[in-house]
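Before any comments, here is the structure.
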Amino acid sequence: MTGQDWLEKDFYAVLGVPKDADAATIKKAFRKLARQLHPDHNPGDATAEAKFKDIGEAYAVLSDTEQRQQYDQLRAMAGGARFTAPGGGRGGAAGFEDLFGGMFGAGGQGGTRVRYSTGGGGGFEDILGGLFGGGGGGFTQQRGPQPGIDLTATTTLPFRTAAEGSTVSLSVEGRTVTARIPAGVRDGQKIRLRGKGRPGERGAEPGDLVITVSVTPHPVFSAEGDNLRVTVPVTFDEAALGATVDVPTLDGSTVRVKVPAGTPSGRTLRVKGKGIHTAKATGDLLVTVQVAVPQRLSGAAKEAVEAFAKATADQDVRADLMAQART
C-alpha cells in the first residue's frame, strides 16, 4: 500500500463508519463486511473480491492505533492545509497538490497536478523531505541507508483453520509472501513477519510485514483462550436422572461426557485436553448443558409430566429467590 493510497482512499467510507468510530465499531463493521464479501461466499465475483481486498486494507490501517493516527494526520494535511503556490494563479489559497505542481512549474489555476507515491525514488517522502530539509532533488547531501518501512496485510481464516494453524500466501506490493499462522490465533490478532516488509535502501534492513487475522465464527464452537466452548442440549430426564452423552470435538470426532444426576441447565462440564492445541499448551473442552424443553407433548408424555408435577407439588423451586430478593 502506497502513500498515494492513503491520500486517495477514504478507509472510513470503505468500512462505512464515521471518522470518530472507536475500535469496537470498526471491528464490527469489518467482520460484517468480511462475511458478506468473502470469496468463499462469492465464487467468481471479481467485484466482491476487489471490495474484500479494499476492506482488508482499510481494517489493517484503522485497527492499528499508530497507523490510524498517521493516516488521519496525512489526510488532514493533504485535504485541510492550504498554501500559496508559486508560478501564477489566483493569488489565493491553492491545494496541497497545487503546491507541488507550482514548485515544478505546473502550479496555478488550470495547471497540471503532479501525482506522488511512497514507492520508488522521487516519491512522496522525498518531496516532503526536500521541503523540510530531508534531502532529495540535489538540494542537500544524499541520504544514507534508509531502513525499509513496515507493510500491512490482512487474511481471513475459518474458525477451524485458525484453531489448528495454517500456511497462507499473501500478495504484498507485487510479491507473494508465505506466512505461517500459528494454531490458536485470535480474531483481530496481529502477526509480525520480520524482514518481509519493504526492502531497505542502500543496503539497509528491510521492514516487517504485519498481518491482521480475522477469524470467522463457527456455528458450534467458540474459543476462550486455549479452551473451546460448546453448548450441548440434553433432555429433562437426562439432566434429572443423569446420563452419558456424545459431545462433538473440533477434530470431527466425539467424546463421551457424563452428565451427573440433577444437573441444572447452564452448568459447564470440563473435558481435559480436548481444546485447542498450541505450541505452549493444550486447552480443555468446556461443555455447557442446556436442558431442552419439548415444544409439543404426546398424550402419554403429558400425563407423565402432570404426574411428575403432582409428585413434586410440595417443592418450591423459587423459594430461595424470593428470600434473597427481600434481603
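Points to keep in mind about this one:
- In the range 268-279, the qualifying residues are those that are open to solvent by 30 Å² or more (accessible area, probe 1.4 Å) and not in a loop (DSSP other than H, G, I, E, B), and the one that is nearest to Phe308 (Cα to Cα) is Thr268.
- Filter pass, Gly184 being assigned to a loop (DSSP other than H, G, I, E, B), in contact with a Ser or Thr (Cβ under 7 Å, 6 or more places away or on another chain) and either open to solvent by less than 20 Å² (accessible area, probe 1.4 Å) or closer than 19 Å to Arg267 by Cβ (or both): yes
- Of all residues in the range 45-64, those satisfying the criterion of being farther than 16 Å from Arg35 by Cβ, touching a helix residue (DSSP H, G or I) at 6+ places or on another chain (Cβ under 8 Å) and in a helix (DSSP H, G or I) are Glu57, Ala60, Val61, Leu62.
- Residue satisfying all of: in the range 28-52; open to solvent by 70 Å² or more (accessible area, probe 1.4 Å) and under 13 Å from the mean Cα position of the chain (by Cα); nearest to Gln67 (Cα to Cα) among these: Lys28
- Of all the numbered requirements in (1) within 17 Å of the chain's Cα centre (by Cα); (2) modelled with pLDDT of 95 or more, Val245 misses one, and that requirement is (1).
- Residues located in the range 45-88, provided they are among the small types (Gly, Ala, Ser) and either within 19 Å of Asp187 (Cα to Cα) or at pLDDT 85 or above (or both): Ala46, Ala48, Ala50, Gly56, Ala58, Ala60, Ser63
- Residue within the range 291-301 that is surrounded by 13 or more Cβ atoms within 10 Å (Cβ to Cβ) and in contact with a strand residue (DSSP E or B) (Cβ under 8 Å, 6 or more places away or on another chain) present: yes
- Screening the candidates Gly225, Gly203, Gly242 for the property of being of a type outside the set (S, T, N, Q) and either in contact with a His (Cβ under 9 Å, 6 or more places away or on another chain) or closer than 30 Å to Thr176 by Cβ (or both) yields one hit, Gly203.
- Thr167 meets the conditions (1) open to solvent by 70 Å² or more (accessible area, probe 1.4 Å); (2) in contact (Cβ under 8 Å) with a residue 24 or more places away in the chain in every case but one. The failed one is (2).
- Selected residue (criterion: nearest to Leu285 (Cα to Cα)) from residues of the range 238-267 that are surrounded by fewer than 14 Cβ atoms within 10 Å (Cβ to Cβ) and in contact (Cβ under 8 Å) with a residue 24 or more places away in the chain: Gly266
The values are calculated or read from the model by the stated rules, or taken from the named source; none is laboratory data. Note that this is a predicted model, so its numbers are computed, not measured. Glycine gets a Cβ as well: all are built from the backbone with ideal geometry, and neighbour counts include every protein chain shown. SASA here: full protein model, heavy atoms, side chains in, ligands and nucleic acids out. Shrake-Rupley method; radii C 1.70, N 1.55, O 1.52, S 1.80 Å.
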